[in-house]
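Visitor: Structure incoming, see below.
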Amino acid sequence: MTDSSELQGEITALCCFVAALASTLPLSSQLRLWPAFESKANQLRCQLSQEALRGFEQATITLSSKRG
């Protein structure tokens, strides 16, 4: 069983990967990426438990801070 520190490390690595991947997109795609992400994220948030939602929001904040 994985502990929360290991999961946090995995989430951080995934956030870095996604941010790096997004930065390679053409600017027009980058401008559409985040609104599309928020649209999908809003649909998902209501389905998550409180603990899962906290992790999701933390990852979202990390990703949004790396954009641009």
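The values are calculated or read from the model by the stated rules, or taken from the named source; none is laboratory data. These figures come from a predicted structure and were not determined experimentally. Neighbour counts are summed over all protein chains in view; Cβ atoms, including those assigned to glycine, are modelled from backbone coordinates with ideal geometry.
Visitor: Pick from ALA52, ALA59: which is surrounded by 11 or more Cβ atoms within 10 Å (Cβ to Cβ) and touching a Ser or Thr at 6+ places or on another chain (Cβ under 9 Å)?
Guide: One residue alone meets the criteria, ALA59.
Visitor: Counting just the residues of region 11-30 that are surrounded by fewer than 11 Cβ atoms within 10 Å (Cβ to Cβ) and not hydroxyl-bearing (Ser, Thr, Tyr), which one comes out modelled with the lowest pLDDT?
Guide: The extreme case among them is ALA13.
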